[in-house]
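Every number here is computed from the coordinates shown, using simple stated rules; none is lab data. Fair warning: this is a prediction, and the values are worked out from it, not measured in the lab. Heads up, the Cβs are rebuilt from the backbone with ideal geometry, glycines too, and the neighbour counts pull from every protein chain shown.
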Amino acid sequence: MTSLAHPQLRFTPEVTDPSGPRELVILGSTGSIGTQAVDVVLRNPDRFRVVALSAAGGRVELLAEQAVRLGVRTVAVADPAAEPALREALAAKAAGGPLPTVLAGPDAATELAATECHSVLNGITGSIGLGPTLAALRAGRVLVLANKESLIVGGPLVKAVARPGQIVPVDSEHAALFQALAGGTRAEVRKLVVTASGGPFRGRGRAELAGVTPADALAHPTWAMGPVVTINSATLVNKGLEVIEAHLLYDVPFDRIEVVVHPQSVVHSMVEFTDGSTLAQASPPDMRMPIALGLGWPDRVPDAAPGCDWTKAATWEFFPLDDEAFPAVQLAREVGTLGGTCPAVFNAANEECVEAFLKGRLAFTGIVDTVAKVVAEHGAPAGGTSLTVEDVLHAEDWARARARELAAG
């Protein structure tokens, strides 16, 4: 099998860098990843130019502000009902200046992903990012991937169209692995070590997690993220998804991908080589660094984020993962090993369970317990290497409906 993302396998896109700034499309521009990507671009106007933006439609004022400030050609919004408000906001902020073309509808981001540019940053949250991921790859763009769900639910589909090195990962953990893997050859890699902050409940046993509230779970000690990703971090579902993602990106077997808890979130992940050497990528927890690395690869963007201050004393801790209190990672390994539509079922059921938890309809420990029940009921995976988009969508629809039924009690 071929590694989708590896620093030693450089991909030359069909649209090469012009003499001026590298042209980018940012999908999910009003979310956490998108807003930080816009910040990186604005601080490096000589390196990057954004030609198109997309967002779900809940923050049209911010989307319009970004579009006008960046001078983009096209803006897309997934919610058609948000189009009038977006047009009004664009007109107000442009103050008589040129207005971008506006696209609206659930397929708008997928259309933008094939826009003529060098790189597409997929910062959409959820499996709805699969269409744009496939569109960008088929169009020959470099895919700067923050939308892990699209790779996880559509692994065989993505692997069928991606060229070696065409995907540059943005998750801090996978950006760390991406860099550390440059320290050796493929045959020299013994294992990947993915670090986890442990979330707000590190050190608690399962019994202590039963009464956790949404406010408790949203209080992440290290990272500022959207609600779904923050809850996934608290349950460690996010880490389970990252294990599946690492397997797909780097073609390393699941039994050679380890998770360790590192509360300081300074070491973002590590690669252990066959001679016993381990290479770690370390930097303060700031997503602008991996975002800038993805946008600028194979070149680094100077001063993308602050580095470690080596003049101050610091302690880095590492703990084994408590699989009994946090069973999501082991469940993800099983799901990833089964393959086919199982990862799509896992991800879709989790999204429904997170929503039920946030609305007070499901206990915190019920999130992963319910996901496990849905996965078990799904049984043998459909699709395998012949997986289709329709297989994924059908499996997701079933998983969401079943998760809602189980969460309702």
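Longer than 25 Å from Cα to Cα, which of Lys191/Lys239; Lys148/Lys312; Lys159/Lys239; Lys159/Lys373; Lys239/Lys373; Lys93/Lys359 are they? Say none if no pair is.
The answer is Lys148/Lys312; Lys159/Lys373; Lys93/Lys359.
5 Å is the cut-off here: which amide hydrogens, built 1.01 Å from N in the peptide plane, fall below it relative to Ala76, excluding neighbours closer than 5 in sequence?
For Ala76, whose amide H was placed from the backbone, the distant partners under 5 Å are Leu53, Ser54, Ala55, Leu103.
Compare the Cα positions of Leu387, Leu406, Gly360 along the charge dipole of the range 339-409 (+1 at Cβ of Lys, Arg; -1 at Cβ of Asp, Glu; about the Cα centre) and return the one farthest towards the positive end.
My answer, from the dipole projection, is Gly360.
Sequence gap at least 6, Cα distance under 8 Å: using those rules, report the relative contact order of the chain to the nearest whole percent.
Across the chain, relative contact order equals 16 percent.
In terms of modelled amide H atoms, which long-range or inter-chain residues lie less than 5 Å from the amide H of Val50?
Amide H to amide H, under 5 Å and 5 or more residues apart or across chains, Val50 pairs with Leu24.
Given Cβ point charges of +1 (Lys, Arg) and -1 (Asp, Glu) and nothing else, what value in debye, to the nearest 20, does the dipole of the chain about its Cα centre take?
520 debye
Placing +1 on the Cβ of each Lys and Arg and -1 on the Cβ of each Asp and Glu in the chain, which of Pro320, Thr115, Ala210 has its Cα farthest towards the positive end of the resulting dipole?
Towards the positive end, the residue furthest out is Thr115.
Mind running the shape call on the range 157-197? Use the C-alpha gyration tensor, a ≥ b ≥ c as the square roots of the eigenvalues: rounded below 1.5 for a/c, prolate if a/b tops b/c, oblate otherwise.
oblate
Choose one of Gly58, Leu42, Leu90: the residue whose Cα lies farthest towards the positive end of the charge dipole of the range 34-107 (beta-carbon charges +1 Lys, Arg; -1 Asp, Glu; about the Cα centre).
Selected residue: Leu42.
In sequence order, what are the phi-derived ³J(HN,Hα) couplings for the range 255-270 according to the Karplus relation 6.51 cos²θ - 1.76 cosθ + 1.60 with θ = phi - 60°, rounded to whole Hz, with x for glycine and proline?
6, 10, 10, 10, 10, 10, 8, 9, x, 6, 6, 9, 8, 8, 3, 9
What order do you get for 328-338, 236-246 when each peptide is scored by the mean count of other beta carbon atoms within 10 Å, highest first? Walk me through the numbers on the way to the answer.
Details: 328-338: 21.1, 236-246: 27.2.
Output ranking for 328-338, 236-246: 236-246, 328-338.
Cα-Cα pairs above 20 Å in the range 22-169: how many percent?
42 percent
Amide H of Glu258 versus every other amide H placed in the peptide plane: which residues, excluding those fewer than 5 positions away on the same chain, fall under 5 Å?
Answer set, sorted by chain and number: Leu192, Val193, Val194.
Work out how much length Asp322 to Ala207 would gain on full extension: take 0.36 nm times their residue separation and subtract the Cα-Cα distance, in nm to one decimal.
Value of the extension gain: 40.1 nm.
In whole Hz, with x marking every Gly and Pro, tabulate ³J(HN,Hα) for the range 196-213 from phi via Karplus 6.51 cos²θ - 1.76 cosθ + 1.60, θ = phi - 60°.
Karplus values, whole Hz, x for Gly and Pro: 10, 5, x, x, x, 10, 4, x, 7, x, 4, 4, 6, 8, 4, x, 4, 9.
Can you give the helix-only mean residue ellipticity at 222 nm for the chain, where every DSSP H stretch with n ≥ 4 adds -39500 (n - 2.57) and the sum goes over all residues, rounded to the nearest 500 deg cm²/dmol?
The helix-only estimate for the chain comes to -12500 deg cm²/dmol at 222 nm.
If a/c stays under 1.5 just call it rounded; otherwise compare a/b with b/c (prolate if a/b is bigger, oblate if not). Do that for the range 126-275, with a ≥ b ≥ c from the square roots of the Cα gyration tensor eigenvalues.
Because a/c hits 1.5 or more and a/b fails to exceed b/c, the range 126-275 counts as oblate.
Classify the chain as rounded, prolate or oblate from the Cα gyration tensor: take a ≥ b ≥ c as the square roots of its eigenvalues, call it rounded if a/c is under 1.5, otherwise prolate when a/b beats b/c and oblate if not. Mind dumping the intermediate values first?
Numbers: a/c = 1.42, a/b = 1.19, b/c = 1.19.
In terms of gyration-tensor shape, rounded.
Evaluate the charge dipole of the range 339-409 about its Cα centre and quote only its size in Debye, nearest 20, assuming +1 on the Cβ of each Lys and Arg and -1 on the Cβ of each Asp and Glu.
It works out to roughly 240 debye.
Ranking request for peptides 154-167, 113-126: highest mean number of other beta-carbon atoms within 10 Å first, then the rest in descending order. Walk me through the numbers on the way to the answer.
On the way: 154-167: 19.9, 113-126: 23.4.
Top to bottom by mean Cβ count within 10 Å: 113-126, 154-167.
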